[in-house]
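The values are calculated or read from the model by the stated rules, or taken from the named source; none is laboratory data. All figures in this text were calculated on a predicted structure; none of them were measured in a lab. All Cβ positions, even for glycine, are placed from backbone atoms using ideal geometry, and neighbour counts span all protein chains on display. Please note that ligands, DNA and RNA were not included when accessible areas were found on the heavy atoms of the full protein model with its side chains. Shrake-Rupley method; radii C 1.70, N 1.55, O 1.52, S 1.80 Å.
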Amino acid sequence: MHRRTALGGALTALATAAAGVLVAAAVSTAPAAAAAGGTGTGYLHTSGNKIADSTGATVRLTGINWFGMETDNKTFHGLWSSNPWRSQLDTMARLGYNTLRIPYSNDALKAGATATGINDFVNPDLIGLSPLQILDKVIDYAGSKGMRVILDRHRPTSAGQSPLWYTSTVSEATWINDWKMLAQRYAGNTTVIGADLHNEPHAEGTNPAATGACWGCGDTARDWRLAAERAGNAILGVQPNWLIFVEGVSCPSGGLSNVWDNDPSNDEDCGWWGGNLSKAGQFPVRLSVANRLVYSPHEYATSVYRQAWFDDPTYPANMPAIWDKYWGYLYKQNIAPIMMGEFGTTLQDPKDKIWLQNLMAYTGTGVNGMSFTYWSWNPNSGDTGGIANDDWTTINQPKQDILTPYLIPPTGGGGTTSPSPTGTPNTSPAPTTPPPPVTGGCTATYKQINSWSGGFQGELTVKNTGTAAVNPWSATWTWPSGVTLASGWNATVTQSGTTVTAAAPAWASSLAAGASVTVGFTANGTAATPGGVKLNGTAC
């Protein structure tokens with residue numbers, strides 16, 4: 001988005017940019033070991049209105065946006081917080097988001113681009129890295145958790161949105177060449193699955209003197225459908241395995257209605273920026289590689305703009321027909337998959353909760369439903385807020401509760417526990433009766449993930465080496481005096497004196513024989529290795 005304080009949409013637009021071709025050597029990042037399940041195996045392709053993996057299994061992308069690389073910081077927002085970047089991705093994956101949509105601007109790809117707004121104490125491993133090098137690390141870690149990544153060319157420059165895919169200073173050639181560079185950079189890395197070509201093309205100027213993005217008008221300087229073909233085919237020429245995500249426009253004519261001219265012929269039905277795919281059935285995007293096209297509309301609530309349909313007396317019963325008209329028909333007629341690239345709300349208006357509940361129901365449940373990436377992880381999105389609260393650590397539970405039934409967690413990486421089916425990890429009460437003893441023994445290994453002035457982050461992996469499952473399980477350890485727990489995950493982590501207890505959450509209460517669980521935490525004080533680790537009272 002970013003029409004709000006952070007990303008792009010229905011209210012403002014600027015046109016600026018910088019010409020030039022950026023060419024970079026490919027980065028030899030290892031492909032993610034994506035397991036079958038939440039995000040499938042290998043590269044993805046389309047089949048009718050479904051997305052499928054390399055084995056033909058249907059995949060539903062249920063993701064989230066993490067923005068910042070398209071802003072002046074040129075890297076992810078929230079890196080300034082006290083929550084390390086890996087921990088933030090851990091939370092996203094644990095909550096059930098299997099895909100990460102990453103907005104960027106062409107400014108962040110320039111040679112010499114500098115990433116700013118990073119807390120060096122919390123993220124010392126990012127010091128001195130370029131925006132692209134930080135992107136590499138995020139992609140690699142997301143892949144290790146089984147997540148997929150969609151790259152989103154959000155803005156030509158960090159200054160703001162543009163109605164067209166080019167501006168007076170960022171040419172179409174720059175747009176396409178930068179995409180080709182990214183396709184080459186991540187060639188062979190199956191974590192990165194595709195390109196969202198340009199964020200929220202939209203109308204500009206007043207009809208009949210339209211200057212904004214149209215769909216099917218045939219003007220090569222304004223027809224977004226034709227531009228998407230040019231860019232998409234250029235990318236596929238470099239990386240034929242990528243999916244090509246194509247957003248809609250706002251008004252198919254590319255211009256705003258002049259309601260004062262008393263000429264109904266110049267007035268048309270417009271939707272959200274990037275959200276109007278009503279002409280895609282008549283004028284489809286034609287790509288050189290079959291089964292690579294995904295349409296990606298945006299959809300928002302009253303917290304972004306109070307569209308007329310929100311005040312219809314039949315609301316919300318009127319909404320499915322509106323969604324059908326703008327983009328849902330593509331899915332229902334088996335023309336192409338839908339991946340809602342952005343949708344979000346503050347939930348401050350009661351109508352917004354109804355909107356979000358009905359929109360999610362419209363997408364369908366289970367693996368056959370429409371794909372989506374929620375806007376956004378970031379709490380600093382001005383007109384939607386985020387899934388993360390302002391501390392970038394705790395969660396906006398009312399939003400998460402609505403989304404959770406539709407989330408398909410990533411598989412692969414990160415231990416043996418599963419995300420909470422209710423989206424409320426770390427809140428299950430500790431057992432009220434003593435946990436059963438371990439039949440056999442256990443082992444414990446500790447890894448310090450990060451440290452900073454006054455705190456550290458670690459992971460304790462406890463393995464049940466006994467001959468029977470432990471249900472419920474509970475791990476304990478001790479820390480030196482002065483070390484205090486800040487947060488924990490994959491268990492209900494509490495502290496009493498110098499003793500820390502990680503109790504099994506209700507959604508992963510059993511630890512099978514031979515299985516292990518990794519408990520993550522952040523703590524205040526001098527970094528210290530957990531001592532005296534026990535599993536249900538048995539020393540490890």
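Would you point out the residue of the stretch 362-380, among those that are over 14 Å from the mean Cα position of the chain (by Cα) and on the phi < 0 side of the Ramachandran plot, that is surrounded by the most Cβ atoms within 10 Å (Cβ to Cβ)? The residue in question is M370. How do the pairs read when you match residues in the stretch 215-236 that are under 23 Å from Q184 (Cα atoms) and open to solvent by less than 40 Å² (accessible area, probe 1.4 Å) with residues anywhere that are modelled with pLDDT of 95 or more and of a type in the set (G, A, S), using Cβ under 6 Å and keeping only pairs 6 or more apart or on different chains? Final answer for the pair search is I235/A183; I235/A195; L236/S288.
Scanning the stretch 61-110 for residues that are acidic (D, E) and either on the phi > 0 side of the Ramachandran plot or crowded, with 23+ Cβ neighbours inside 10 Å (or both) yields a count of 1. When the stretch 280-305 is filtered for residues that are over 25 Å from the mean Cα position of the chain (by Cα) and open to solvent by 60 Å² or more (accessible area, probe 1.4 Å), the ones remaining, listed by number, are Q282, R286, S288, A290. For L182, state whether it is crowded, with 23+ Cβ neighbours inside 10 Å, assigned to a helix (DSSP H, G or I) and not hydroxyl-bearing (S, T, Y). Against the criterion (crowded, with 23+ Cβ neighbours inside 10 Å, assigned to a helix (DSSP H, G or I) and not hydroxyl-bearing (S, T, Y)), L182 qualifies.
The condition of being among the small types (G, A, S) and at pLDDT below 95 holds for only one of S144, S162, S130, S171, that being S144. Within the stretch 111-128, does at least one residue satisfy the condition of being open to solvent by less than 10 Å² (accessible area, probe 1.4 Å) and acidic (D, E)? No, that holds for no residue. Contact map, the stretch 104-123: first residue touching a residue at least 24 places away in the same chain (Cβ under 8 Å) and within 15 Å of S81 (Cα to Cα), second residue of a type outside the set (K, R) and assigned to a strand (DSSP E or B), Cβ cut-off under 6 Å, separation 6 or more or different chains; pairs are F121/W452; V122/W452. Any residue that is of a type in the set (V, I, T), modelled with pLDDT of 95 or more, assigned to a loop (DSSP other than H, G, I, E, B) and touching a strand residue (DSSP E or B) at 6+ places or on another chain (Cβ under 8 Å) - is there at least one of those in the stretch 193-208? No - not one qualifying residue is present in the stretch 193-208. From the list G385, G413, the lone residue that is part of a loop (DSSP other than H, G, I, E, B) and modelled with pLDDT of 95 or more is G385. Being under 26 Å from the mean Cα position of the chain (by Cα), of a type in the set (K, R) and closer than 21 Å to L132 by Cβ: is that true of R225 here? The answer is no for R225. Taking the criterion of being touching a residue at least 24 places away in the same chain (Cβ under 8 Å), of a type outside the set (D, E, K, R) and more than 13 Å from N65 (Cβ to Cβ), the residues of the stretch 379-395 that qualify are G382, W392, T393, I395.
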